[in-house]
1. Any chance you could run the full-extension gain for residue 318 through residue 199? It's 0.36 nm times the residue separation minus the Cα-Cα distance, nm to one decimal.
2. For the chain, what are the DSSP H helices with axial Cα length of 20 Å or more and mean Kyte-Doolittle hydropathy of at least -0.5?
3. Please give the calculated 222 nm ellipticity per residue for the chain, where each DSSP H segment of at least 4 residues contributes -39500 (n - 2.57) and the sum is spread over every residue; nearest 500 deg cm²/dmol?
4. Report, in cubic angstrom per residue, the convex hull volume of the C-alpha atoms of the chain.
5. Starting from the Cα of residue 137, step 7 Å along the direction of its Cβ; do the same at residue 232; then give the gap between the two resulting points in nm.
6. Considering amide H positions built from the backbone, and no H for Pro or chain starts, which residues 5 or more places from residue 50, or on another chain, come under 5 Å of its amide H?
7. Could you identify which residue out of 85, 306, 114 has the top mean-square fluctuation in a GNM of the chain using Cα springs shorter than 10 Å?
8. Would you mind computing, in nm to one decimal, how far apart the modelled labels at residue 149 and residue 62 are, each placed 7 Å from Cα along Cα→Cβ?
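What follows is calculated from the coordinates using simple rules that are stated; it is not laboratory data. Computed from a predicted structure; not experimentally measured. Cβ coordinates were reconstructed from backbone atoms using ideal geometry, including for glycine residues, and neighbour counts include every protein chain displayed.
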Amino acid sequence: MLKLTVITLTIALAAVCAMGQAPTLQIKTPDGPNLPADLYYGNVKVKPVRLRPGTNQVITIDDADFFVNQSYVDFLNRFPDAGGFSYWISQISACGSNQACIFAKRIDVSNAFFFELEYQKTGAYAYRLYRIAFGNSQPKPNPFPDSNFPGENLKIPSYDAFKPDRAAIDASNLAQSQLALANDFVQRPDFINRYAANLTLDQFVDAVLTTIKNDLGVDLTSQKSALVALGSRGGVIYRLADDNAANPISNGSLINAEYNRAFVYSQYSGYLRRDSDISGFRFWLGQVNSGPLRDVSKQHQMVCSFITSDEWQLRFGNTVTHHNSECP
């Protein structure tokens, strides 16, 4: 974890002082107590200036160590382990002062956090739970429908629904936390409204497989007996969503079918920490779908666009140093 020194920022207080009451300084931890907090002065989010300890040198998102640290936080929902931290920093710092090399390596490193099995088994796993259970009729969908793409927002869960479920998966206790989330997921009212509690397990598996076939376009009926043998609703949903070579369910076609959509969803939830606009989501899904599955060059295009966006850079300071025009 980076050690940061925070300089108190001066905020204009004339209006509130005139009212005789100063704003309250608040520390909020939207991502949990073990991840970076947000600082608010009244309703104003403060962007602290980060200094390297013992110096006046400002840390920015252009610095390799802060960039890598933030990639861990945004995609793996944790601070880096020492070995991984050093490895990913070295991928960028090996470029020396070659700015073109640094720019390319930042894209490559950032994209790797989605490829990482840890992300596929945590963030992407949580996303797949929603798609497997609800298909194209999410009960808590993206809240921004677009008349140009009717029904598209209903296919993906809202960021507010996804975020706590993603945070519930602990990579250090992976299988247990995955199963615990699945067991909780199948007891929620939205899930029971979709799959009535009085269904037998056999009927339940049929219903879920129908959702997957009709909405995701994947036929897993050959896996029915193995799914029923798991013995519980939670076990069924867990194994359907699980990207694991040791999974007793052959769900590779499902993982592949949702891979690109999960990638695009993760760029918005990871870099921008918000719901997508549907036109933007559809544009980028079209871009990655236009190449072979897991096409690195297509993914790099989207990563580049996001990490050179004003919105992403302004999460960490008040200066924009890169622009979309730099992307290939």
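1. 37.4 nm
2. 99-115, 252-267
3. That comes out to -13500 deg cm²/dmol.
4. Convex hull of Cα atoms, per residue: 170 Å³.
5. So the label points at residue 137 and residue 232 sit 2.7 nm apart.
6. So residue 50 has HN proximity to 59.
7. Fluctuation is largest for 85.
8. Taking the simple label geometry, residue 149 and residue 62 are separated by 3.3 nm.
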